[in-house]
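This report refers to the structure that appears directly beneath it.
Coordinate-derived values only; no laboratory data. Here the structure is a predicted model, which means the values were calculated and not measured. Here the Cβ positions follow ideal geometry from the backbone for every residue, glycine too, while neighbour counts run over all protein chains shown.
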Amino acid sequence: MPTNPMVIAIIAAAGQGTRLGADLPKAYVELAGQTLMEHSVRAMIDAGVDHIIVVIMPAMEKTARRILTNYPDVQLVHGAGERVDSVWRGIQAIPTTDDDAVVLIHDSARALTPPDMIRRVAQAVTGDVQAVIPVLPVADTIKRVADTVVVDTPARADLRIVQTPQAFRLGTLREANQTYFRDPSFAVTDDASLVEHLNIPVHCVPGDPRALKITTPIDLTLAAALL
């Protein structure tokens, strides 16, 4: 992992995770004896990230601090509202004003993301490349549907499954978020979509099947099997 520019990771861990069916937020669900939050933090440390910010639910601060006792350098930030609001709070807490710093934004639910994939994404932000996302090819046929009727079938070769972490120059990321909050009239499905709205090219690098998003009980079972 490059030490210059600085590499910061923001781990979004403030979601309720209702589809997982657990009685606590998803980031605090255990997988093989560790919470999803811990797995994600450990992956960032193993990848050599310089600074880690975890965005949590305010009501879970004591729990998060207890879970992350062994990681005293991890910075905790309270989330707010939608995911985009929580990530913005994480961005505002970044301990540098260097616009060239590389910021990784990651979902704690992708707890098995390999460190080598994290490094691959971060190291791809070079020169004029300001935004990078990890992707996988689409195996299934995809249909666009209106009500219950198929509208069309996009060419599968042009489609990709998008994962996290997504990497951005800090200056670009701040500008993209500020633009959105001045006029939140467009759809935000991931952090890269904010940058796309500025007409800044978003580059792709290979993702990893292990970086699956743990959303349902079946996902959790699959992740346990992978471990």
Under 20 Å from the Cα of LYS213, which lysines turn up, not counting those fewer than eight places away in the same chain? LYS26
Taking the mean number of other Cβ atoms within 10 Å as a proxy for protection, how do you rank 95-102, 114-121 from highest to lowest? 114-121, 95-102
Region 25-107 shape via C-alpha gyration tensor axes, a/c threshold 1.5: oblate
What does the net charge come to around ILE105 if you take all other residues with beta carbon closer than 9 Å to its beta carbon, with K and R at +1 and D and E at -1? -3
For the pair CYS204 and ASP73, the simple spin-label estimate (label points 7 Å beyond Cα toward Cβ) gives in nm 3.5 nm
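At 222 nm, what value in deg cm²/dmol follows for the chain if DSSP H runs of at least 4 each add -39500 (n - 2.57) and the sum is divided by all its residues, to the nearest 500?
Using -39500 (n - 2.57) per qualifying helix, the result is -8500 deg cm²/dmol.
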Assign one of three labels to region 102-227, namely rounded, prolate or oblate, based on the Cα gyration tensor with a ≥ b ≥ c the square roots of its eigenvalues; rounded applies when a/c is under 1.5, prolate when it is not and a/b is larger than b/c, and oblate otherwise. oblate
Report the extension gain between ARG65 and THR221 in nm, rounded to one decimal, defined as 0.36 nm multiplied by the number of residues separating them, less their alpha carbon distance. 53.5 nm
